[in-house]
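This report concerns only the one structure given below.
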Amino acid sequence: MAALPEETLDPPDWAETARVLHLAVDQAVAHLREVRDRPAWQEMPAEFRKRFDEPLPQASLPLAEVLQDVSEGIMPFPLGNVHPRFWAWFMGAGNITGALADFLAAVMGSNLAGGNHAAALVDQQVVRWCKEIVGFPAIASGTLTSGGSVANLIALTVARNASAGEDLGEWGVESMARPLRFYGSDQLHSCHRKAIEILGLGHRALRLIPSDENFRLDLPALRTAIAEDRAAGVQPACLIANAGSVNTGAIDDLSALAAIAEEEGLWLHVDGCIGALIALAPLNRSLVAGLERAHSLALDPHKWLHAPFDVGCCLIRDAASHHAALASLPEYLNQAPRGVASADWLFELDLQMSRSFRALKVWMALKEQGAAKFGRLIDQNIEQARYLAQLVDNRPPLRLMARVTINIVCFRYEAEGLDEAALSSLNREIMLQLQEEGLAILSDTSLRGRHSLRVAICNHRTRFQDIDFLVEEVLRRGERLSDSLESGKRTHR
Ligand SMILES: *Cc1c(COP(=O)(O)O)cnc(C)c1O
């Protein structure tokens, strides 16, 4: 007999637990049903912020009270990306089915390290569906990751090992006869620089080629760089193409890059975290033609499939190189001929061993809505971005700062007579006011040294009227702010 009373985390009263859970469901439904009526973002009042300084709780508290803490002090202060007028950075807007899936996945509690069970089959099925979406062959390999950064890191790891030609796993990067070089445009996402660093290659192994006037990888400049490197004894290894760049949504010439990769014997990796899913969109899929020719591809279901965070996906055409780069089966995880350990270990294709059942939120939403619906929603966002670009074009002093290819619009309020620094602070002020008033959430960026507001419409709740609203609000604030600048100048004279 145990000396201490036996305990468990299970509730003493399941009926009370069910009551609290039903309450949470009602609150969740109301939260999303009424999202448009709430501010897109709001600063947390100090009284709520203070709660996060409380020390480690020792005593127990009824679940109903814990839930109340969440509904009062946490749920009202979101980042805002579920709101119809959130267009900052690039992220999905979530969906209730995905939320339900995350709940059920947690209830089931399965670890996706692998094994013979239903969740593992769902995981593998979702990977297969991702291949189908982008036109990768069924025999290709793939894994669901925590997001695009890890998907890119895995792909670059496989590319590095496949290019090095030595047993890198055994001897490490110092054993390489010649340094490897990776290429991409100056518009690459920052995660590639981090990946190259983690891979032990050093930033110089990533040669950033200046992009052309539309922010696409400049092909003649790429060819020159490859030739220069070969002449200098460096080994060109991998091209990293943007299918939707983070600044402006530019899509590199994927077919031309596939041809160059073939000619030069290089690995072609496509960062499709933004744009790979356009392959689902009937009106715009031709923009990403060539995607299917990549050796590896990163895509992000928590962006344009609106899966709740987090889920990314890495696809590798050559399954053997994927396995060779990451597999390391320890003796305590032998595969058995029968029973729960009689299936593949999924962690052998990922960085993590314990893995969440993130596949379920993608699986349930795809089953419920159908892939075609997601494709239409992507077309809808691209249409909304083109609509915004048109409004900007017709409403000086608004000015478009880059060509709009997909769903990202860079523009600014270009009041006359202001220099770059003044324009930058004026536009930044417009952005901050819109955020603080909870009206619309934009981000900003710098395009060849020029400050720009940036609207990335990856949002199934956005309506065309929200775009009209944004333009009016930016104009109104721009006028007011530039007027006060003018009168400020006059009083200083
Ligand atoms: C979002 C993004 C990433 C990083 O993906 P995470 O899911 O945020 O880790 C990489 N590349 C591009 C082009 C992206 O838009």
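The values are calculated or read from the model by the stated rules, or taken from the named source; none is laboratory data. None of these values were measured; they are calculated from a predicted model. Methodologically, a virtual Cβ is constructed for each residue, glycine included, from the backbone with ideal geometry; neighbour enumeration extends over all protein chains shown. Surface areas here come from the heavy atoms of the whole protein model, side chains and all, with no ligands, DNA or RNA. Shrake-Rupley method; radii C 1.70, N 1.55, O 1.52, S 1.80 Å.
Report, ordered by chain and residue number, the lysines lying within cross-link reach of Lys194, taken as a straight Cα distance under 21 Å and ignoring same-chain residues fewer than 8 apart. Counting by Cα, and skipping residues close in sequence, Lys194 has these lysines nearby: Lys303. Multiplying the residue separation of Ala106 and Arg36 by 0.36 nm and removing their Cα-Cα distance gives an extension gain of 22.3 nm. Averaged per residue, segment 372-491 has 44 square angstrom of accessible surface, using a 1.4 angstrom probe with ligands and nucleic acids left out. Binning the C-alpha pair distances of segment 372-491 at 5 Å intervals from 0 yields a P(r) profile of 2, 11, 21, 24, 19, 11, 6, 3, 1, 1, 0, 0 %, listed from the shortest bin outward.
Overall, the anisotropy analysis places the chain in the oblate class: the square-rooted eigenvalues a ≥ b ≥ c of its C-alpha gyration tensor yield a/c not less than 1.5, with a/b not exceeding b/c.
Between Glu166 and Met75, the FRET efficiency from the beta-carbon distance, with R0 = 60 Å, is close to 0.70.
Hey, what did the chain get for relative contact order, percent, Cα under 8 Å, at least 6 apart?
Numbers: 854 pairs, mean separation 104.4, N = 493.
Reported as a whole number, the value is 21 percent.
Distance between the modelled labels on Phe52 and Ala324, one decimal in nanometres: 4.6 nm (7 Å Cα→Cβ projection). Partners of Lys367 within straight-line reach, counting aspartates and glutamates whose Cα lies under 17 Å from its Cα and excluding those fewer than 8 residues away in the same chain: Asp102, Asp123, Glu132.
The H on the amide N of Ala113, modeled in the peptide plane, is under 5 Å from the matching H of Arg355, each at least 5 residues off or on a different chain. Averaged over residues, the count of other Cβ atoms within 10 Å places the peptides 285-292, 209-216, 376-383, 3-10 in the sequence 376-383, 285-292, 209-216, 3-10, highest first. Reducing segment 389-465 and segment 290-334 to their Cα centroids gives an inter-centroid distance of 35 Å.
Order these peptides, 254-261, 336-343, 304-311, by their mean beta-carbon neighbour count within 10 angstrom, highest first.
So the order, starting with the most tightly packed, is 304-311, 254-261, 336-343.
With an 8 Å cut-off on Cα pairs and a minimum separation of 6 or more residues, tell me the relative contact order of segment 373-491 in percent. Over segment 373-491, the number comes to 27 percent.
Work out which helices of the chain, taken as complete DSSP H runs, extend at least 30 Å along their axis over the Cα atoms and score a mean Kyte-Doolittle of -0.5 or more, then list them. Intermediate values should be presented prior to the final figure.
Numbers: long enough: 371-394 (35 Å, -0.33); 464-492 (42 Å, -0.80).
Membrane-span-like by this criterion, though nothing is claimed about a membrane: 371-394.
Of the peptides 186-197, 402-413, the ranking by mean beta-carbon count within 10 Å, highest at the top, reads 402-413, 186-197. In this structure the amide hydrogen of Leu268, modeled in the peptide plane, comes within under 5 Å of the amide hydrogens of Leu239, His295, Ser296, none closer than 5 places in sequence on its chain. Stretched out straight at 0.36 nm per residue, the stretch from Arg399 to Ala422 would grow longer than its current Cα-Cα span by 6.7 nm. Can you send over the carbon and sulfur percentage of the accessible area for segment 55-146, probe radius 1.4 Å, protein chains only? Ligands and nucleic acids excluded, carbon and sulfur reach 66 percent.
How high is the FRET efficiency from Ala177 to Asn116, r the C-beta distance, R0 45 Å, rounded to 0.05? Please list the in-between numbers first.
Numbers: r = 43 Å, r/R0 = 0.96.
That pair, Ala177 with Asn116, gives E of 0.55.
Taking the charge dipole of the chain about its Cα centre, with +1 at Lys and Arg Cβ atoms and -1 at Asp and Glu Cβ atoms, the residue from Ala385, Pro57, Leu188 reaching farthest to the positive side is Ala385.
For a Förster distance of 41 Å, can you work out the FRET efficiency between the beta-carbons of Glu437 and Leu21, rounded to the nearest 0.05? The partial results should precede the final answer.
Values: r = 35 Å, r/R0 = 0.87.
Efficiency computed from Cβ-Cβ geometry: 0.70.
Subtracting the Cα-Cα distance of Leu447 and Asp483 from their residue separation scaled by 0.36 nm leaves 10.4 nm.
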